[in-house]
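Here's the structure, in structure tokens; my notes come after.
Quick note: the coordinates plus some simple rules give every number you see, no bench work behind them. Nothing here was measured: the structure is a model prediction, and the numbers come from that model. Cβ placement follows ideal geometry from the backbone for every residue including glycine, while neighbour counts extend to all protein chains displayed.
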Amino acid sequence: DAKTTQPTSMDCAEGRAANLPCNHSTISGNEYVYWYRQIHSQGPQYIIHGLKNNETNEMASLIITEDRKSSTLILPHATLRDTAVYYCIVRVANGDDKIIFGKGTRLHILP
Amino acid sequence: GAGVSQSPSNKVTEKGKDVELRCDPISGHTALYWYRQRLGQGLEFLIYFQGNSAPDKSGLPSDRFSAERTGESVSTLTIQRTQQEDSAVYLCASSFRTGDYGYTFGSGTRLTVV
């Protein structure tokens, strides 16, 4: 059970911000939201994670709603190399637990 | 090493043969995970090692699958009497136990059973 719901696919124009939504309405208080992506023929790549505050790093920003039931991953200036499957996952950080991947969102960046 | 290393990168084997896949995690990473990804499908969890604790084998699909890890180093995934449905990319990942920064995945081993 992946505990998250994401759209199956999305398109975004190159150079625009890509906003990928994720619903996690049953998230627990000690669970973080993690995002990974998998570019074709590669292993998944960690992007970002957060608990309740918005987070930003060199790859993306993560916006988590106040009730923590949903979040949005933002790629500020999408490039063709951002075409990938994006996975939103909830799990306890520092926990003895494995990540269960859902089906993710297939993001197509259009030239 | 700088990343998670998996070998071989590609393996073609005949149905019924045994295969062994290797994963070298990042030095210092105490947790190690194996996943399977069939063509066009999502990632299936197989097994998880955390330090010297008993591994979580809950994802292994049958008793033909086994994995070992010595301490916090190399892991091997063994598939006995391979079947065509075992054809997939087998991905290994490692992570720190504390101060979680997420998993680092290897590039995988593409297994083809003919």
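List the cysteines of chain A that have no other Cys Cβ closer than 4.7 Å: which are they?
Here A:CYS12 come out as lacking a disulfide-compatible partner, given the Cβ-Cβ threshold of under 4.7 Å.
Under 18 Å Cα-Cα from A:LYS69, which lysines qualify once same-chain neighbours fewer than 8 residues away are excluded?
A:LYS3, A:LYS52
Describe numerically, in nm with one decimal, the distance between label points set 7 Å from Cα along Cα→Cβ at A:MET10 and at A:ARG106.
Going by the 7 Å Cα→Cβ label model, 1.6 nm.
Charges at C-beta only: +1 for Lys and Arg, -1 for Asp and Glu. How large is the resulting dipole of chain A about its Cα centre, in Debye rounded to 20?
So the dipole magnitude of chain A works out to roughly 180 debye.
Name the residue from A:ALA18, B:SER75, B:LEU43 whose Cα lies farthest towards the positive end of the charge dipole of the protein assembly as shown, charges +1 on Cβ of Lys and Arg and -1 on Cβ of Asp and Glu.
B:LEU43
In whole Å and largest first, what semi-axes does the C-alpha gyration tensor of chain A yield when each eigenvalue is scaled by 5 and square-rooted?
In descending order, the three semi-axes are 22, 15, 12 Å.
If you take the charge dipole of chain B about its Cα centre, with +1 on Lys and Arg Cβ and -1 on Asp and Glu Cβ, which of B:SER62, B:VAL19, B:GLY106 is farthest toward its positive end?
Farthest along the dipole direction, towards plus: B:VAL19.
Per residue and in cubic angstrom, what volume does the convex hull of the Cα atoms of the protein assembly as shown have?
Convex hull volume per residue, Cα atoms: 122 Å³.
Principal axes first, then extents: for the Cα atoms of the stretch B:1-94, list largest minus smallest coordinate on each axis, whole Å, largest first.
Taking max minus min along each principal axis of the Cα atoms, the stretch B:1-94 gives 36, 27, 24 Å.
Compute for the stretch B:1-48: radius of gyration divided by Kirkwood radius, i.e. Rg/Rh, restricted to C-alpha atoms, rounded to two decimals.
Taking Rg over the Kirkwood Rh, I get 1.00.
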